[in-house]
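The values are calculated or read from the model by the stated rules, or taken from the named source; none is laboratory data. Nothing here was measured: the structure is a model prediction, and the numbers come from that model. Note that we place each Cβ from the backbone using ideal geometry, even for glycine, and neighbour counts take in every protein chain shown.
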């Protein structure tokens, strides 16, 4: 088992210590009891022994750093063990790439990066970003009043530290879509992805005057234009807006419908903030950008949780809420699926994972694995979805919880589950408000909108009508 | 979609007329709301249309009038009591705070008190110290009351109709400077939720949470700020109890800066609650500057028009505060 190395307390009144020299380098084999590093207190330098034998990894402090007692400064990992330090805050890929130590206790983690206890002036936002990107605030010059470190100071710093791993939504967007001045839609890489432009693919930007340049893109498409409040489709983890086409085709043509690519999916890049809230916010912005103030929300899996959160916000009125195998109603999920799905890089490897989603593989269609892999070659979907997975899963369980938000549904609400769902078990939908209609389909898995698409289309239409009354 | 415009006062009158037509249990009470048409001419000709049994002039006793209203509500009526000035509602505190707000609780849910108290509030018309106060925070502090402060004709109509339908006591605060303000107002019956804030302007650089007349000043300020490339989001709080925490928190998480603008005395006012909501929420970690409050000065509202203006936030005050906040000078 991996052992955490912490800043020890060598004096009774010691609150923090200054790192001295390491006696071993990252990746070196260390032996329990041998000198591992030095610390300097007010009184003396002290040598500290290795608490275990193994490989020294994830070093998080270097000579001269001042760290609170108990702060994690590295790990000793047994030879051959594939160990990833437990993390609660930072996306691991970003933190690891920039040399930050992912440590077990968020409190010590905060302390190590934000140095709150040490009299350093920084705004909460600056501290959060420093934490997430592994930037040491002690090395940052503050531009605010009295030298206060602000967000922009850390962001500038972070850009140089992790220019490769930090995805700046705005910048990447501007690289792909060059604004057009004559009002025509912005150029988009549609043909590269090979997506047939069905319906009306809308320019993904918000049109809020001169602020438009700075708004992150949320890709979306009107599957159907029309009068009245639209149905808004929110897909699940790893999917994109195309997944709604089969069920959408079964809905009346008079019904306007808008489908959104959530950040990290389809054509929507994932910004710096890989969080559930960021997905909700992106969906909200997309709707506002389309002038949608009231909508019938239909969400699948993760998109279901997004729909619930969206329905509770102020800017979009949910006329009805259709949750298909929604996430966020219980803790269990199959994390092996997420790992396997993201790791698979051939059709043969991906197919079995996709089959976990359904009871009858025929429901998925034959091209899904190929399409998914092609999209992953065109866009950094795997990296973005990994970051997202970190935010929505914790310790092998779902980290998002929208149950409370469903306690008193304001609009007509239906939940559709497949009894054989292996991703979000059907019983998660039990015990909710009696005002919510629960439809349980036998011989159906995690994809009722594909596996029982006629029935689900009918339920959507019924719900939309009741939401209009 | 109709673009019919009404003034704020006309929208209130229309809401009252619709409620009187729809529901026999609805009736209006208040000093001079009948023959005279109301201190601010809000009820107007309603007495001619609905008669003096349903549009009732009451004696000059706020405590007495409010007491009758609460009693009538207990028997299943839906009275709407108008105070001439919110300042005078202090005379009826006993009925509002000790009776209306508490009776459902004290009788174990056996009764409800579906009364609405309308009250003109705020400064700007030279009413001086006893006719110009903004005491919304007093009422917002009382569990058992709902307290709303609509800022547009559309909202005041919808919120008043929702308040009349609500089974519990609702305080509807009407800023006097809004009465003549015009705005698109839907026809017919509709309700506007009593618990939702609304984003009046989207922005990225800071969040301005404002109430009543301050919403309009904040929007005007946002226009000026836009010319300086500062993009302010303006949230109209609308409801003070319950208060829409999610709207505030969500916005601050995006903009990282919060400015609360309200007319009531700054200390222990609505702005303190807005600031505390953010400080206690997950938006704390997104703040990139201290929270700023702009409220009324710590003094009675002066009679002198110059001083009266100086006593509460004006457009230029909001612009200056927002600029300093957005530019990292706070």
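Remark: residue A:316 matches the filter, which requires a residue to be free of Cβ contacts under 8 Å to residues at least 60 places away in the same chain and more than 10 Å from residue A:402 (Cα to Cα). Taken as a whole, the structure places residue B:283 among residues that are touching a helix residue (DSSP H, G or I) at 6+ places or on another chain (Cβ under 6 Å), under 25 Å from residue A:130 (Cβ atoms), free of Cβ contacts under 8 Å to residues at least 60 places away in the same chain and facing another protein chain (nearest Cβ under 10 Å).
The set of residues in the range B:21-79 being farther than 20 Å from residue B:112 by Cα and part of a strand (DSSP E or B) consists of B:30, B:55, B:56, B:57. Restricting A:343, A:385 to those that are without any contact (Cβ under 8 Å) to a residue 12 or more places away in the chain and touching a helix residue (DSSP H, G or I) at 6+ places or on another chain (Cβ under 9 Å) reduces the list to A:343.
Checking the structure you have, find out if any residue of the range B:300-320 is facing chain A (nearest Cβ under 10 Å) and modelled with pLDDT of 95 or more.
First, the residues of the range B:300-320 that are facing chain A (nearest Cβ under 10 Å): none.
No: the range B:300-320 contains no residue that is facing chain A (nearest Cβ under 10 Å) and modelled with pLDDT of 95 or more.
Residues of the range B:234-246 that are surrounded by fewer than 24 Cβ atoms within 10 Å (Cβ to Cβ) and either part of a helix (DSSP H, G or I) or free of Cβ contacts under 8 Å to residues at least 40 places away in the same chain (or both): B:245, B:246.
Does residue B:259 fit the bill of being more than 10 Å from chain A (Cβ to nearest Cβ), surrounded by 24 or more Cβ atoms within 10 Å (Cβ to Cβ) and not in a helix (DSSP H, G or I)? So residue B:259 passes the test.
When B:208, B:171 are screened for being closer than 30 Å to residue B:290 by Cβ, touching a strand residue (DSSP E or B) at 6+ places or on another chain (Cβ under 6 Å), surrounded by 20 or more Cβ atoms within 10 Å (Cβ to Cβ) and more than 13 Å from every other protein chain (Cβ to nearest Cβ), only B:208 passes. Within this structure, residue B:215 fails the test of being closer than 30 Å to residue B:326 by Cα and within 12 Å of chain A (Cβ to nearest Cβ).
Does residue A:399 qualify as being farther than 11 Å from residue A:324 by Cβ and either surrounded by 15 or more Cβ atoms within 10 Å (Cβ to Cβ) or under 26 Å from the mean Cα position of the chain (by Cα) (or both)? Reasoning before the result, please.
Values: farther than 11 Å from residue A:324 by Cβ: yes; either surrounded by 15 or more Cβ atoms within 10 Å (Cβ to Cβ) or under 26 Å from the mean Cα position of the chain (by Cα) (or both): yes.
When the stated conditions are applied, residue A:399 passes them.
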